[in-house]
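Here is the structure we will look at, set down as C-alpha cells.
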Amino acid sequence: MLAPAYQPYLAAAVLGCAALAEIAVRETGQPLTRPLGALLAVAVTAPVALVRTLPVAAAALVSAVCLLGPLTGYPPPVAGLVALAVTCHVVGRDRPARTAALLVLPFAAYAVLPQTAAASGGRSLAVVLLAVAAVAVATGAARRARADAVRREVADRAIADTLTEHVARGERARIARELHDVVAHHISMIAVQAESARLTTPGLPDEGARRLTAIGDTARTALTEMRRLLGVLREDADPEPTRRPQPGLHQLNDLLDEARELHPGSTRLIVRGAVTALDPGIELVAYRIVQEALTNVRRHARGAAVDVELHYRHDTLLLRIRDNGPGPPPPAADAGGHGLTGMRERAATVGGRLTAGPAPTGGFLIEAVLPTRETEA
C-alpha cells in the first residue's frame, strides 16, 4: 500500500496523464498550439503534488492556470477541474476561512467580467469554475468545522468526566473524614471503658483482666489503623481540619435559620413522631443531606418555599425535603457539585436509601430513609 506521503505525487501523475490524453483528443492539429496545450495540462495538475505540504500555493497555481487557459484558447481539462476541487478542498479544510475565501474571489471576478464571454468556454465555463472552487472550499470548511466540533466535544467530555471524578473523590473523602470522627469516638470509648473496668472492678480474675486489657489494646490498634488509612483522605477533604464536633439534628434549626437568611423563600421544619436521640453517624448523614438539599434549592430554585420534614418511626428516620420550584434541575446541573450523587452515597454509608424526583404536587422532592437500629444477624 502506498504511503500517505507519496499519495499526492501519484494523484498528480494520474491527473497529469488524464489531462494530456484529453488535450490530445481535443487537439485541432495546429502545430503551434500543441506544446502550449500540453504545458497547460501539466501546469494545472502538477501542483497537486504539493497539496500536502503547500496547499495554498498549490491551489493558487491551479487556479491561475484554470483562469489563464481559457484566455489562450485552452479551457481546463476535466482533470484540471478535479485538481482545482482537490486543492481548494484541502485549503478550506486546513486553512482559515479568510484564506480559503481569497481563492474563490478571482473566479467570482472572472465570471462577471465582460471579457469572459469572448474567452474560450465563455461565461458558462466561468460559472463552472466558480462553482467548483466555491463548493470545494465550502465542503472543506464544513469538514473542518465538524472535526473541530468533535474535538471540542471530546475535550469537554473529558473535562466533565475528570471534574465529576474529582468531585466524587472529594465528597467520598469528606464522608470518610466525618464518619471517621464519629467511629473514632466510639472506639475510643471502648478502649477507655475496658481500661476503667479492669482498674475499678474489685476481685477481677486474672483471666478477666487480661481479656479487658486485650479489648483495650485491640480498640487502640483499630483506632490507629483507621487513622492511618483515612489520614490522607482527611487532608484532601480538609487541609485545615477543625476540632469542632460533627453536626447533628440538634443543629438543624441553626442550619434552617442560615437558609432563611440566604434564601428569599420560606423554609419550614416539620417534625413527626417521638423525637429520640439517634446514633451520631445517622444524625450526621441526615444533617448533611438537608444541608446539600438546601444548597441545591438556592442554586436551582431560588425563591421557592422549602419544607424539611423529619418523621421519627420505630426503626427508621424518614427525611423529606420538598420545594415548590420549577422541578428537577437540568441533567448537567449535578455535574459541577456533590448534588444527588453525594447524598445517595451518604445515605448508603449507613444502610439507608435516597430517592429524588418531581414532587406529586409540583416542585422537587428528596426522600431519604435512614435506619436507626442495627439489623440483627
* To do: Taking 7 Å along the Cα-to-C-beta vector as the label spot, tell me the Gln291-Ala24 distance in nanometres, rounded to one decimal.
  => 8.7
* In nm, to one decimal, how far is the modelled label at Leu36 from the one at Asn253, with both set 7 Å along Cα→Cβ? -> 10.4
* Asked: What's the exposure ranking of Leu199, Leu370, going from fewest to most Cβ atoms within 10 Å?
  -> Leu199, Leu370
* Asked: Cα gyration tensor of region 4-154, axes a ≥ b ≥ c as square roots of the eigenvalues: rounded (a/c below 1.5), prolate (a/b > b/c) or oblate?
  -> oblate
* Return a whole-number percent for the relative contact order of region 249-371, with Cα pairs under 8 Å and 6 or more residues apart as the contact set. => 25
* Does region 46-121 come out rounded, prolate or oblate, given a ≥ b ≥ c as the square roots of the eigenvalues of its C-alpha gyration tensor, rounded meaning a/c under 1.5 and, failing that, prolate meaning a/b above b/c? -> oblate
* **Relative contact order for region 4-154, counting Cα pairs under 8 Å that sit 6 or more residues apart, in percent** => 22
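Throughout, read-outs are computed from the coordinates displayed, never taken from laboratory work. A quick note: this is a predicted structure, and the numbers were derived from the prediction, not measured. When we count neighbours, we look across all protein chains shown, and the Cβ atoms used for this are built from the backbone with ideal geometry, even at glycine.
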